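Here's the structure, in C-alpha cells; my notes come after.
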Amino acid sequence: MAEAERGGPVGPPRAGSRPAVALAALWLLAGLLAVRQAAAVLRLPPARRFTGLATWAGEHGVPHTHGSLYDSGRFTGTPLAGLVLRPLTDAAEHGLGVVWTLGTLSLVVAVALVAVRVLPGGGRMRGGRMRGGRLRGGAAPVAVILTLLSLPVRNTFTLGQTSVLPVLLVLLGCCRPRIADRRSGRTTGLLVGLAAALQPAVLLFAPLLWLTGRRRAALVTGATFAVSTALAWAALPDDSRTYWVHHIAGAGLGDRPDGLANQSLHGLLLRLGLRGPLELGLYGLLAAVVVTVGLRRAARYARDGQPLLATALTGCVAVAVAPTAWQHQQLWILFAVAGRVGRRRADRLAWPVLVVLVMTLSSTVLVAPNPVLGPVGQHAPLLAALAAACAVPFLSRSSALWDRPVPTPVAGPQRGRFRWVPLLRFFKRALNRPNLLLELMLIRVGYWAYSYIRAQAPDSRALAEYHGRQILAVEEFLRLDVEHGVNHFVAGVGRLADAMDYYYGTFHFLVPSLLLGYLYWRRPATYRWARTGLALATLVALAGFWLYPLAPPRLMPGLGFIDTANGPQDLSHPEFGALTELANQYAAMPSLHIGWSLWCGVVIAVVGPRTWVRWLGMLYPLMTLTVIVGTANHYVLDAVGGAVVVAAGFGIQYVLTGPGRIALTAIPGARRGDVAGAAAEREPARAVG
C-alpha cells in the first residue's frame, strides 16, 4: 500500500509466505521428533523394550500371548487391556516391535490433533452461542510436538503401555461436537465406557457427563464399563480376580505405591509416613473434596464452551484421586494448557509454560535438589493436577478479558546512538513488570541449561593446560602476569584468604540476585533491560567455554599456585577428585565472576540515586578481580574475557531491541528515575494488546 502511494510497483504480498514457511518448519520438527522417538525405542535392546509388558516378553522382547498378566507385578493394565492386546501381539512379535511402536505413535498424533480441533477460538460467548475465529494453523504441529516431548508419552513408548488409547477415546467421546450429542449420547457413552474399562479412573467422566446434562451418555458409560469388565472376567477369570479383588482395581501393581513414581494423593500420604486406617480415612476425605470441587469446575467450563479444558480438569482429578497414578497415566495434565489465565497479556504465558515444563522436564531441572524446595519438584505433576482441578482461576469465554486482556505498554520507536549499527528491533521494549512466576521458571530452567552446557564443554586436560601456558605467555609479554605474586600474598594471610574464599563462593550469586530482585520490584522497565543483557552475556560465555577450554592457575601443574579454597590437589590425577562433580574445572575463559560483577557495576551506575553509590558499584568488579586472581581461580586475561562477553551481551540486546532509553509516561505511578537513559523520557510510550 505504501509503495502504491509512492508510485512504486505493487506485486503479490510476500509476507504471506512467512506463515507458510513457519508452518512447514513446525511440521518438519514434529516429524523429526516422531522419527526420533520411534528410533529411540527400536534401538533399545530387546530386554529393555516394552518393559511394562515384561510378563509377555517373547524371544525378541515384544509381547506374546502366553502366561498370566500379573505374574511379575509389572503389568498395571486392566484384564480388558490384556484381552485387547492379545490380537496385536502376534503382529508385534513378527514386526520386532515396529508395528507396536508405530501404532502407539499414531495414537499420540491422533490425540494431539483431536485436542487441537476442540480448542476454543479467540471469540467470546454471546447470547448463549460461541462466536470466534478459527485456530491458527500452527496449533496442530505445536500440539504434536508438545505431546511427543511430554514425559507421559515418552514413558508410554518405553513401557509399551496402552494409556494413550483411553485418552483418545475420551477426547472423541466428550469433545467432538458430532459425537458429543446431548440428544443421543450413545456413542459418547460407548467410547468413554470402553476407556474406563481400560483405565478405571476414567469412570470419573460419567459424573461429568451427568452434571453437564448428558445423562444418557453417563448411563451408557456405566453400562459399557460393566459389560466390558464382565466379558474380560469371563475370558480371564484368574487375572480379573487378581486385578479387581486382590489388588483392588490395580492398586499395588507396578512400582511401590509409596514411591515417587506414584503421583497421587494416596502415594503422597504414604510418603509422609501415614499408614493404616488414618491414611485411608484422610485419603478418602481429600479425594472427596478434590472430586467435588474439580468436577463442579469441569462442568462449569464444559457449559462455557471449553470441552478440552473440562476434559483436562476431570483427568487431573483422576490423576490426583486414583490409588496409583504412574507417569504414563498423567497425559491429562498436559491438556490443562487449554485454559486461559490472567488479566494482563503479560500473564497469559505463565500457566501454559508451567504446565509444559512440569510435563516435559524432570524434577531436578524444575527445582534445585535441596531439602526445602526439592519435594516441590518431586511432586510437581501432582501439584499441577491439584492446582488445575481445584485452584487455577481460568477465564470464562463470556469474560471481557477472554480476547481483550490488559495490554502491555511498550516504548515507542527510538533513534539509535550509532548510525552505523543496524537496529533490527525484533522485540518491542515492554515497560511493565513481567510475570514473577514466569520469570522464576525461566531463570531456573535457563540456569540449569547453562550449567549443563558448561559441564558438557570440552575438558581435555592436555588442551586446557596448553591454553593455560598460552595465556601466561601472552600475559608475560604484556607484563600482566601478576597472578603468582598476588596468590602467594593472599595465601600467606590466613584471614584474607578465608575472606576471599567466602567472597568467591557467595557474592557471585548473591549480589546479582539481590540486584535483580530490587530492579524487579522498584524499576521493572530497567529490570527487563538488565536481565536480558545478563542472559545474552551468559550465552556468549558458553561459546568461550566450548571453544577455548582453559585450566585455571590452581590446576596448572608445576607452577606453584596455591588453591586457597580446596587445599592441595593431586595434579597428577586427571579427575581432580570431587571437584569435577561440581562443575567443569576447565571452563575458566571467560570469567563469569568478572562478567556478572561488571554487569552489576554497570546496572548500579545506571540506576544508582547518588554518585557515591555509582562509584561503589563500579568498585565491585575491581574487588572481584582481586579475589579471582588472589584465590588462583582465574588469570587477568580471563577478566578481560568476562568484560568482553558483557559488552557483547548489551551490544546484542541493543541490536535486537533498540536503545536502552525508555519512556514511562504511559505507566501510572511510574518513577521518573526508572530509565536506562535519562534522555528519552520525552518519547511517548504506547500499549500493545
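Just a few scattered comments:
- If you go through the stretch 483-493 and pick out every residue that is outside any helix (DSSP H, G or I) and loosely packed, with under 12 Cβ neighbours inside 10 Å, you end up with 1.
Quick grid of which residues meet (1) surrounded by fewer than 20 Cβ atoms within 10 Å (Cβ to Cβ); (2) more than 30 Å from the chain's Cα centre (by Cα); (3) more than 18 Å from S513 (Cβ to Cβ):
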| residue | (1), (2), (3) |
| --- | --- |
| A587 | no, no, yes |
| C600 | no, no, no |
| P609 | yes, yes, yes |
| G617 | no, yes, no |
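- Residues of the stretch 380-400 satisfying the condition of being open to solvent by less than 30 Å² (accessible area, probe 1.4 Å), closer than 17 Å to A318 by Cβ and within 16 Å of the chain's Cα centre (by Cα): P381, L382, A384, A385
- Scanning the stretch 245-271 for residues that are of a type in the set (A, V, I, L, M, F, W, C), surrounded by fewer than 20 Cβ atoms within 10 Å (Cβ to Cβ), modelled with pLDDT of 85 or more and outside any loop (DSSP other than H, G, I, E, B) yields L269, L270.
- Among the numbered conditions (1) in a helix (DSSP H, G or I); (2) surrounded by fewer than 17 Cβ atoms within 10 Å (Cβ to Cβ); (3) out of contact with any Leu (no Cβ under 8 Å at 6 or more places or on another chain), the only one that E279 does not meet is (3).
- Lone qualifier among R215, R186, R182 - being modelled with pLDDT under 85 and either closer than 21 Å to F75 by Cα or surrounded by fewer than 24 Cβ atoms within 10 Å (Cβ to Cβ) (or both): R182
Results for (1) basic (K, R); (2) in contact with a helix residue (DSSP H, G or I) (Cβ under 7 Å, 6 or more places away or on another chain); (3) open to solvent by 50 Å² or more (accessible area, probe 1.4 Å); (4) not in a helix (DSSP H, G or I), shown as yes or no for each residue.
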{"position": "A464", "(1), (2), (3), (4)": "no, no, no, no"}
{"position": "E476", "(1), (2), (3), (4)": "no, no, yes, no"}
{"position": "D481", "(1), (2), (3), (4)": "no, yes, yes, yes"}
{"position": "R495", "(1), (2), (3), (4)": "yes, no, yes, no"}
{"position": "Y503", "(1), (2), (3), (4)": "no, yes, no, no"}
{"position": "L510", "(1), (2), (3), (4)": "no, no, yes, no"}
{"position": "L519", "(1), (2), (3), (4)": "no, yes, no, no"}
{"position": "G533", "(1), (2), (3), (4)": "no, yes, no, no"}
{"position": "L539", "(1), (2), (3), (4)": "no, no, yes, no"}
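So that you can scan it fast, the table gives a plain yes or no per residue for (1) at pLDDT 90 or above; (2) within 37 Å of the chain's Cα centre (by Cα); (3) closer than 21 Å to V84 by Cβ:
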{"position": "P177", "(1), (2), (3)": "no, yes, no"}
{"position": "L194", "(1), (2), (3)": "yes, yes, yes"}
{"position": "L204", "(1), (2), (3)": "yes, yes, no"}
{"position": "A230", "(1), (2), (3)": "yes, no, yes"}
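- Filter result for the condition that a residue is touching a His at 6+ places or on another chain (Cβ under 6 Å) and either more than 28 Å from T78 (Cα to Cα) or assigned to a loop (DSSP other than H, G, I, E, B) (or both), over P352, P323: P323
- Residue within the stretch 318-329 that is among the β-branched types (V, I, T), closer than 16 Å to V202 by Cβ and open to solvent by less than 10 Å² (accessible area, probe 1.4 Å) present: yes
- Meets criteria (in contact with a helix residue (DSSP H, G or I) (Cβ under 9 Å, 6 or more places away or on another chain), open to solvent by less than 10 Å² (accessible area, probe 1.4 Å) and not hydrophobic (A, V, I, L, M, F, W, C)) for G294: yes
- Residue check for A312: more than 16 Å from the chain's Cα centre (by Cα), surrounded by 24 or more Cβ atoms within 10 Å (Cβ to Cβ) and outside any helix (DSSP H, G or I): no
- Looking at A226, A234, A287, just one residue is in a helix (DSSP H, G or I), open to solvent by 60 Å² or more (accessible area, probe 1.4 Å) and within 27 Å of P79 (Cα to Cα), and that residue is A234.
- Residues satisfying the stated conditions in the stretch 521-531, i.e. out of contact with any Phe, Trp or Tyr (no Cβ under 9 Å at 6 or more places or on another chain) and surrounded by fewer than 22 Cβ atoms within 10 Å (Cβ to Cβ): R522, P524
The values are calculated or read from the model by the stated rules, or taken from the named source; none is laboratory data. This structure is a prediction, so every number in the text was calculated from the model and none was measured. Cβ: placed from backbone, ideal geometry, glycine included. Neighbour counts: every protein chain shown. Only protein heavy atoms, including side chains, enter the accessible area calculation; ligands, DNA and RNA are left aside. Shrake-Rupley method; radii C 1.70, N 1.55, O 1.52, S 1.80 Å.
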